[in-house]
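The structure under discussion appears below in the form of structure tokens.
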Amino acid sequence: MLSEPEVIDAVCAKLVTQGYRILQQLGTTQHGVDIVAVKQTTPTRELYLEAKGATSSKKNSKRFGQPFGNDQIPDHVATAFYQVAKVLSNKRQDKVEIRAGIALPDKQKHRDCANDITWALNQLGIAVLWVQEDRNVQVVSTCAL
């Protein structure tokens, strides 16, 4: 079961292979967008990603090593969606192309929650990055990353 830091690490590794430079990679106790990456394209592309895990990364948590409950997962997906929708709502009007996405563990309940908001994800151009247990990352998006 992947924790949030493991999801973040896997996504950052994937982005680097796609030509991105990681500007920000936050830990679970830090505030802000989990991943900020930039790619030198024309125009320059900035990517903002919010990540969630399938279990707690905190050893003293009662959820450590245990899957999050079915009541917690919709809240996690909703929080990730809110964070990237907020980024898109505050787009700068300069020569930078802003992209956003959410990175989630490839688990059925997470997929069910993301499927519930597919229309909104597509309308806003929010990518979904599915991180598998082996840390392979599958990108689902209506726009190129």
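Which residue is modelled with the lowest pLDDT, if the candidates are limited to region 56-108 and must be assigned to a loop (DSSP other than H, G, I, E, B) and acidic (Asp, Glu)? The selected residue is 94. The set of residues from region 1-40 being under 19 Å from residue 80 (Cβ atoms), surrounded by fewer than 19 Cβ atoms within 10 Å (Cβ to Cβ) and touching a Gly at 6+ places or on another chain (Cβ under 9 Å) comprises 1, 5, 24, 26, 28. For first residues located in region 1-21 and more than 15 Å from residue 144 (Cα to Cα), partners that are acidic (Asp, Glu) and lie 6+ apart or on another chain with Cβ distances below 7 Å form the pairs 2/133; 8/34. Taking the criterion of being of a type in the set (Ser, Thr, Tyr) and over 14 Å from the mean Cα position of the chain (by Cα), the residues of region 1-46 that qualify are 17, 20, 29, 41, 42, 44.
Search region 101-116 for residues that are more than 30 Å from residue 38 (Cβ to Cβ) and pair each with any residue that is not in a helix (DSSP H, G or I) when their beta-carbon atoms are under 7 Å apart and the residues are at least 6 apart or on different chains. What qualifies is 109/70.
Please work out if residue 120 is touching a residue at least 12 places away in the same chain (Cβ under 8 Å) and touching a strand residue (DSSP E or B) at 6+ places or on another chain (Cβ under 7 Å). Answer is no for this residue.
The values are calculated or read from the model by the stated rules, or taken from the named source; none is laboratory data. Quantities reported herein were computed from a predicted structural model and do not represent experimental measurements. So basically every Cβ, Gly included, is an ideal-geometry build from the backbone, and we count neighbours across all protein chains shown.
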